[in-house]
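Novice: This is the structure, below, for whatever I ask next.
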Amino acid sequence: MDYRLHYPAPLRWLSSIVDFALMLAGFSIISLVFINALLRGAAGFDLAWSLEVTAFLLLWSTFVGCAAAMSRGAHMRVTEVVEKLMPATMQRYLSIIIDIVIALVLLSLIKVGYQISAHTWAQTTTVLYWPVGLLYASMPVGMLLSLIFHLYNFFWDIKHKPLPGAHRSDGPEEPL
């Protein structure tokens, strides 16, 4: 389920910024790799800085991409086993427990990512002399964005999704 349709304006705005940043980063990665390969093959040299920039963009795209997938409800779930073994009401409660565990994991990744980033901030990269901690900062930033989207999605699900098997009184029942 794409949750972005239900987001308030600030979250839709944030989701759009994330999507635009990912598009820009993806285009930049493809361009840098292509130009670097072309220069290496045609001119016999490469742009050393492009490797560092590409690594930064790729890592940031990975973690920020997690937030984009979270906003779309697009993370993979394997539900077949649970659907076969558990009654519908228990599936709903299990889903709530899983969402709480996901929030706790995201919080722990934010904390650990911040610690790693802070610990490596004084180190610099070999070509551009950027702080290595900037590379590792992608984890807490991406996980924070993911947590924001996850919490909104979680509360939206609790408020709007009826318990399985519950009947709605505002219309005819749908056939199973």
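Novice: Write out the chymotrypsin sites (Phe, Trp or Tyr not before Pro) in region 64-148 meeting two conditions: DSSP loop, and at most 12 other Cβ atoms within 10 Å of their Cβ.
Specialist: Answer by residue number: Tyr129.
Novice: Name the residues whose placed amide hydrogens come within less than 5 Å of the amide hydrogen of Thr124, ignoring near sequence neighbours (fewer than 5 apart) on the same chain.
Specialist: Val132
Novice: Over all directions, the average projected area of the alpha-carbon convex hull for the chain comes to how many nm²?
Specialist: Values: hull surface 56.9 nm².
For the Cα atoms of the chain, the hull's average projected area reads 14.2 nm².
Novice: Arrange the following residues from fewest to most other Cβ atoms within 10 Å of their Cβ: Thr126, Thr62. Mind showing how you got there, number by number?
Specialist: Working: Thr126 10, Thr62 14.
In order of increasing Cβ crowding within 10 Å: Thr126, Thr62.
Novice: Moving on. Can you pull out the trypsin sites (Lys or Arg not before Pro) in region 1-110 that DSSP calls coil and that have at most 16 other Cβ atoms within 10 Å?
Specialist: Hits after loop and neighbour filter: Arg77.
Novice: Ok, one more. Pick from Leu58, Leu128, Leu144 the residue whose mean-square fluctuation is largest in a GNM of the chain, springs joining Cα atoms under 10 Å.
Specialist: Leu128
Read the figures in this text as sums done on the coordinates, not as results from a lab. Just so it is clear, the model here is predicted, and its values are computed rather than measured. Neighbour counts run over all protein chains shown; Cβ positions are idealised from the backbone, glycine included.
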